[in-house]
Amino acid sequence: MNPISAARRRTRRTLWLFAAAYTALAAASLTLVLADVADRYPELARGRARSILDAVVAFRSWNAAHGGVYVRVSERAPPNPYLPEADREVATRDGERLTKVNPAYMTRLAAEELEARSEVRVYLTSQRPLRPENRPDPWAAAALGEAAASGDPVWGVVEQGGAEVFRYQELLRTEEACLRCHGAQGYQQGDVRGGVGVSFSYAPYGAAARRERVRIAAAHGLFLVLGWGLLWVLGRRLAAAVTALEVSLSPVQALEGLLPICCHCKKIRREGGDPRRAEDWEPVEVYVGDRTGAQFSHGICPQCLAAHYPDMGLG
């Protein structure tokens, strides 16, 4: 095999390996970064939901610590039919009617106000609700079971009405103040009574994630194209260098192999020449010069000097 041709093949193979490795590295980087984007935006939505529920739990605890609060009866705050009748309503000295707002009722009233101002929905849910509207939908029921088994909140992006909605739900445990209303249901302090959840549109998060994925894919594509271009330029230069080396060494290659040389005068027979024709034999310097461009200068070695010019001597 021609060693220069083999070198060119090795060069091409090495360049292809570099290109494949660079492409695989870019693909791995793209996969990892996109996976990070896919995790980050739901995590941002989870943080928002968690902060909303922290506020809900805080004002529920405040309400429960005070045994409920009384507010003026109005269209927006009618008496709660699920509270015991004995302390459901009171009247001021002036005869103004007040109705009791317990933690669950306060959560509902605040949730209605919040939903009217934004797309955020806060809800209570239970498998044994006093208020029928608090019975869980399929997602909330499954989340209650999962949260009860693990003890951790449950969240995710779900499809509702043709839109993406982020939902977050955690367990609601029975506190001592809750037993005033729910003790009759058989709950004891510490029991899981249901869940409290929050949901809102995931559209802004999804849109932001899509924009970031496009930017990331475009950046990786640009770097991939630039890398391929650099490899192509360097590959062409390297191939040209190998070709130039092959051209410069081709005369040397012409001397490779078995050369017929006279054992007396050291003339070399031309390729395909007739061994019996004197004109087909060339002196070594002519043969080599014609094929390599080398030029010869003449001198005499010590052995020939002693043999042909004994009188000159060397010493």
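The values are calculated or read from the model by the stated rules, or taken from the named source; none is laboratory data. Model, not experiment: these values are computed from the prediction. Positions of Cβ are generated from backbone atoms using ideal geometry, with glycine treated the same way; all protein chains shown enter the neighbour counts. When the accessible area is computed, the model is the full protein with side chains, heavy atoms only, and any ligands, DNA or RNA have been set aside. Shrake-Rupley method; radii C 1.70, N 1.55, O 1.52, S 1.80 Å.
Some observations on this one:
- For the pair VAL158 and ASP39 in one chain, pulling the backbone fully straight at 0.36 nm per residue adds 41.3 nm over the alpha carbon distance.
- Value at 222 nm in deg cm²/dmol, rounded to 500, when DSSP H runs of n ≥ 4 in the chain each add -39,500 (n - 2.57): -18000 deg cm²/dmol
- Shape of segment 66-141, Cα gyration tensor, a/c cut at 1.5: oblate
- Accessible area per residue in Å² at 1.4 Å probe, computed on the chain: 64
- Proximal charge balance of ALA217 [Cβ under 12 Å; K/R count +1, D/E count -1]: +3
- Here the 3J(HN,Hα) profile of segment 297-302, calculated from phi with Karplus coefficients 6.51, -1.76 and 1.60 at θ = phi - 60°, is 10, 9, x, 9, 7, x Hz, Gly and Pro shown as x.
- Extension gain, ARG76-ASP280: 0.36 nm per intervening residue step, less the Cα-Cα distance, totals 61.4 nm.
- With N counted as the residues of segment 1-105, its alpha-carbon radius of gyration over 2.2 N^0.38 Å works out to 2.70.
- Residue by residue, segment 89-94 carries 3J(HN,Hα) couplings of 9, 9, 10, 6, 4, 8 Hz when phi is fed to the Karplus relation 6.51 cos²θ - 1.76 cosθ + 1.60 (θ = phi - 60°); x denotes Gly or Pro.
- Which labelled figure in (1) 60; (2) 72; (3) 54 is percent of Cα pairs over 25 Å apart, once derived from the coordinates: (2)
- Highest-MSF residue in the chain out of ARG210, ARG277, ARG12 [GNM, Cα springs under 10 Å]: ARG277
- Per-selection Kirkwood Rh - segment 267-310 (Cα, Å, 1 d.p.): 12.4
- Computed 3J(HN,Hα) for segment 40-55, one whole-Hz value per residue from the Karplus formula 6.51 cos²θ - 1.76 cosθ + 1.60 where θ = phi - 60°, is 5, 6, x, 5, 5, 5, 4, x, 5, 4, 4, 5, 5, 5, 4, 5, glycine and proline marked x.
- Of the residues PHE18, PHE166, the one with the largest accessible area comes first in the ranking PHE18, PHE166, computed with a 1.4 Å probe on protein heavy atoms.
- Helix 138-150 and the longest principal axis of the Cα set of the chain meet at an angle near 80°.
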